[in-house]
1. Go ahead and set up a Gaussian network model of the chain, Cα springs under 10 Å, then flag whichever of 261, 288, 182 fluctuates most.
2. With a ≥ b ≥ c taken as the square roots of the eigenvalues of the C-alpha gyration tensor of the chain, please select rounded if a/c is under 1.5 and otherwise prolate if a/b is larger than b/c or oblate if it is not?
3. For the chain, set up a GNM with springs between Cα atoms under 10 Å and report which of 203, 129, 195 has the largest fluctuation.
4. What is the stretch 94-159 by shape, rounded, prolate or oblate, if you read a ≥ b ≥ c off the alpha carbon gyration tensor as root eigenvalues and call it rounded for a/c under 1.5, prolate for a/b larger than b/c, and oblate otherwise?
5. Say each of residue 201 and residue 292 gets a label point 7 Å from the Cα, pointing the same way as Cα to Cβ; how far apart are those two points in nm?
6. If one takes the longest principal axis of the Cα atoms in the chain, at what angle in degrees, from 0 to 90 and to the nearest 10, does the Cα axis of helix 278-292 lie?
7. Go through 50, 34, 65 and say which Cα lies farthest out towards the positive end of the charge dipole of the stretch 18-73; charges sit on Cβ, +1 for Lys and Arg, -1 for Asp and Glu.
8. Give me 23, 318 ranked fewest to most by other Cβ atoms within 10 Å of their Cβ, as a rough exposure proxy.
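Every number here is computed from the coordinates shown, using simple stated rules; none is lab data. Note that the structure is a prediction, hence the values are computed from the model and not measured. Virtual Cβ from ideal backbone geometry, glycine too; neighbours counted across all protein chains shown.
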Amino acid sequence: MPLRVGLLTAAHLHVGGYASACKAHPDVELIGMWDDEPIRAKAFLEGRNIPFYESFDELLAKVDAVVITSENMRHAELAVLAANAGKHILCEKPLAATEEHGQLILEAAAKAGVKLMTAFPCRFSPAFQNLKRRVATGEIGEIRGICATNRGRCPFGWFTEPELSGGGALIDHVVHVTDLLRDLLGEEPIRVQAQTGNNVYGQHWEDTAMLTLEFASGVFATLDSSWSRPQSFHTWGDVTMNVVGEKGVIELDMFGQSIQRYHAGSITHASHGFGSDLDALMVDDFVRACLDDRPVTVTGIDGMQAARVAIAGYESVKVGQPVALAI
């Protein structure tokens, strides 16, 4: 029997990749989408041959699992409803923008005994997996420090409405690379220091965020998690890591596999990526976990640990000094 999946809202930009991955998966039946903004959903669904459900309860009754791609501050509401109905959950990052919301999600999933996976497709990158193997074999010796980035274009819309997003560039971009750092190093950060600015757009939300993360082993990492790329930039953003060891350096450019296409008569150009489909790899892991009753690779705990670093980053900005992490 295939896994019957429902999509919960078309709010997030990543919903297109997840919908395509579900439709292409041989063991998934994509039942449909519910959205409290029907116009938004119908615009997204046009030409995709995916049904729209006016009733949330009707869609929930027909599925085994849901993919939550709503606004960040609505994750808890939808995840709790899905968990209480016994549905497995793949939730867009950040899992939660507040500690309270995160606890609601984790407790509901644990009580219901459903799978809870955080949508961190970067974990499934072959480039990152290769980096992990090389570090594990001691190729560059003990890690001393890491310089990482997750810089992109500002998505605007609800992403710049803190009451819906939970913040700006910091909450949006910190969590991806924080999860990679935790997985690579096998330990939790113990202290975070953050600085934010609005020097690109000059609005009340931050468009730039610089963080320093300290680990108990003595390793430290810097992270540029900004919406600092102009709207005309050739790609949405980047994920890079320069890992400095006692015997060498490994540089990771996760989305470096691309073809640059230049347009005659235009000052802009486009970047067309090739290689592995990270969304498809992540969705397959979720599907296999649900159908084979095994643990997901990226858990709800992973999602919340990464979110806590972003939450602590905002506290660091507020108090103007590093903040200890009790995680």
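1. Checking each option, the largest mean-square fluctuation is seen for 261.
2. Because its axes are fairly even, with a/c under 1.5, the chain counts as rounded.
3. 203
4. Since a/c reaches 1.5 but b/c is at least a/b, the shape of the stretch 94-159 is classed as oblate.
5. Using points 7 Å along Cα→Cβ, the separation is 4.1 nm.
6. Tilt of helix 278-292: around 60 degrees.
7. The listed residue farthest towards the positive side: 50.
8. By the 10 Å Cβ count, ascending, the order reads 318, 23.
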